[in-house]
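First comes the structure, then the notes that go with it.
The values are calculated or read from the model by the stated rules, or taken from the named source; none is laboratory data. Fair warning: this is a prediction, and the values are worked out from it, not measured in the lab. Positions of Cβ are backbone-derived with ideal geometry, glycine not excepted, and every protein chain shown enters the neighbour counts. Accessible surface areas use protein heavy atoms only, side chains included; no ligands, DNA or RNA. Shrake-Rupley method; radii C 1.70, N 1.55, O 1.52, S 1.80 Å.
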Amino acid sequence: MAFGVTAIKKIVNRTNQSVEVRKRDNINDIAIVKPLWEVYEDIWIPWVFHEQDFEEKVIQITYLRDNRTVYLWQIGEKVRYSNFGFDAFAKPVNGISKPDGDRMLVIDDQSISLQLIR
C-alpha cells in the first residue's frame, strides 16, 4: 500500500494572535505566523498509525496568546485533527481532508482547514 504525501505549502493565519506550526520529528519544520499574515512553507503532514508514534511525528499548531493547541496528522484515508491528542477516529480536518497533494493550511480562531493553494 502506497501512501501519498500531503504537503503544507502555505499557512494563512486569520486570527488576531501569532500561531506556531511545528512538526515534532524535524526541528527545522517550524513556522511562527503573525496575526492576519501568511507564509510559504514546505511541511509534510506525517502519517501516524499508532499512538506510540504520535508524540514524535505529529504537527502541533499552537495559538501563542491563548496557549491552545491543535494536532494534525494523516491516518487511513484522511488528514485528521484533535484538540487533545491521538485519536484513531479523530474528525477529518475541514476543507480537503483527502491525503496527497499540496495544501494551504488556514488557521481561524476556532478551526483549521486544508484548502487548495491559491
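Name the single residue, out of those in the stretch 109-118 being in a loop (DSSP other than H, G, I, E, B) and in contact with a strand residue (DSSP E or B) (Cβ under 9 Å, 6 or more places away or on another chain), that is least open to solvent (accessible area, probe 1.4 Å).
Filtering first and then ranking leaves S111.
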Among G101, G95, the single one that is among the small types (G, A, S) and surrounded by 15 or more Cβ atoms within 10 Å (Cβ to Cβ) is G95
Only unsatisfied item for D102, checking (1) over 12 Å from the mean Cα position of the chain (by Cα); (2) not in a strand (DSSP E or B), is (2)
| request: Could you tell me whether Y40 is hydroxyl-bearing (S, T, Y) and either touching a helix residue (DSSP H, G or I) at 6+ places or on another chain (Cβ under 9 Å) or open to solvent by 60 Å² or more (accessible area, probe 1.4 Å) (or both)? | output: yes
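Can you pull out the residues in the stretch 1-22 that are at pLDDT 95 or above and closer than 17 Å to W73 by Cβ?
At the first step, the residues of the stretch 1-22 found to be at pLDDT 95 or above are 6-22.
Matches in the stretch 1-22: T6, A7, I8, I11, E20, V21, R22.
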Of the residues in the stretch 16-37 that are hydrophobic (A, V, I, L, M, F, W, C) and open to solvent by 100 Å² or more (accessible area, probe 1.4 Å), the one that is nearest to the chain's Cα centre (by Cα) is I32
S97 vs (1) outside any strand (DSSP E or B); (2) over 15 Å from S111 (Cα atoms); (3) small (G, A, S): all pass except (2)
Residue pairs qualifying under the 6 Å Cβ cut-off, at least six apart or on distinct chains, with the first in the stretch 2-15 being open to solvent by 10 Å² or more (accessible area, probe 1.4 Å) and the second being not in a strand (DSSP E or B), are G4/P99; G4/D100; K9/I117; K10/I117; R14/D108
